[in-house]
Amino acid sequence: MIRKLLSLFAFLGTFLFAGALHAQAVAPDAFVRQLSDEVLQSIKSDQAVQGGDVGRIRALVDSKVLPHVNFQRMTATVVGRPWRTATPQQQQRLQEEFKTLLVRTYAGALTQVKNQTIALKPFRGNAADPEVVVRTEVRGGNEPVQLDYRLEKAGDAWKIYDVNVAGVWMVEQYRSSFAQEIAAGGIDGLIARLAERNKSGGKG
């Protein structure tokens, strides 16, 4: 449950407050610091989100995710080489079904948000680089939990394209299962399987 909680927290964080940081150039660790503090406060103050209301969470995703997260890159990396041969319609369906899968899979974990805080680890990269990793630690449970972000530069802003929860990158977490579905039924087979899982609430 803690991994689901942190994965959804990171996923929500990528779109809930990135807009406030988009208008000015900020360092990547400052971006993550403000994002983390504000998203925690938002979750704690929103009873519907904290209760795992999938409709409420999906509405937030639909209104905020696309401008501030490179979700296409995230989905393409999970799918791997077959993404290149997928039609634009297939790529769009994959993004939509993957987004729905993430929301439905992790929504229930928001009920576990209580007194967590975020601590940034020393930034080891160069803020001028086009891609960086920002490392953080979630505190408030029995043990601190690793939560890292892969960011890419987008003008004066940053976009998140992967997150690492307790040593597991989200993209890698889904890559092998997606590959198996593609091997069995191609891109359309993967889309159908994701749609099936989403109809069953993210299970299966």
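The values are calculated or read from the model by the stated rules, or taken from the named source; none is laboratory data. None of these values were measured; they are calculated from a predicted model. All Cβ positions, glycine included, derive from the backbone under ideal geometry; neighbour counts span all protein chains shown.
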Of the residues in the range 151-204 that are assigned to a helix (DSSP H, G or I) and acidic (Asp, Glu), the one that is nearest to Arg58 (Cα to Cα) is Glu196
Taking the range 73-129 and keeping only residues that are at pLDDT below 80, out of contact with any strand residue (DSSP E or B) (no Cβ under 9 Å at 6 or more places or on another chain) and crowded, with 16+ Cβ neighbours inside 10 Å, one is left with Val103, Arg104, Thr105, Tyr106, Ala107, Gly108, Ala109, Leu110, Gln112, Val113
Looking across the range 155-189 at residues that are touching a Pro at 6+ places or on another chain (Cβ under 8 Å) and aliphatic (A, V, I, L, M), the single one that is farthest from Pro88 (Cα to Cα) is Ile182
ask   = Within the range 126-134, can one find any residue that is among the aliphatic types (A, V, I, L, M), within 28 Å of Gly80 (Cβ to Cβ) and in contact with a Pro (Cβ under 7 Å, 6 or more places away or on another chain)?
value = yes
Restricted to the range 161-185 and to residues being touching a residue at least 40 places away in the same chain (Cβ under 8 Å) and among the small types (Gly, Ala, Ser), the residue surrounded by the most Cβ atoms within 10 Å (Cβ to Cβ) is Ala179
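Keeping to the range 140-149, report how many residues are touching a residue at least 24 places away in the same chain (Cβ under 8 Å) and not in a strand (DSSP E or B).
Start the filter on the range 140-149 by keeping residues that are touching a residue at least 24 places away in the same chain (Cβ under 8 Å), which leaves 140-141, 144-145, 147, 149.
Of the ones still in play, those that are also not in a strand (DSSP E or B) are 140-141, 144.
Qualifying residue count, the range 140-149: 3.
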The condition of being acidic (Asp, Glu), free of Cβ contacts under 8 Å to residues at least 40 places away in the same chain and surrounded by 14 or more Cβ atoms within 10 Å (Cβ to Cβ) holds, among Glu152, Glu137, only for Glu137
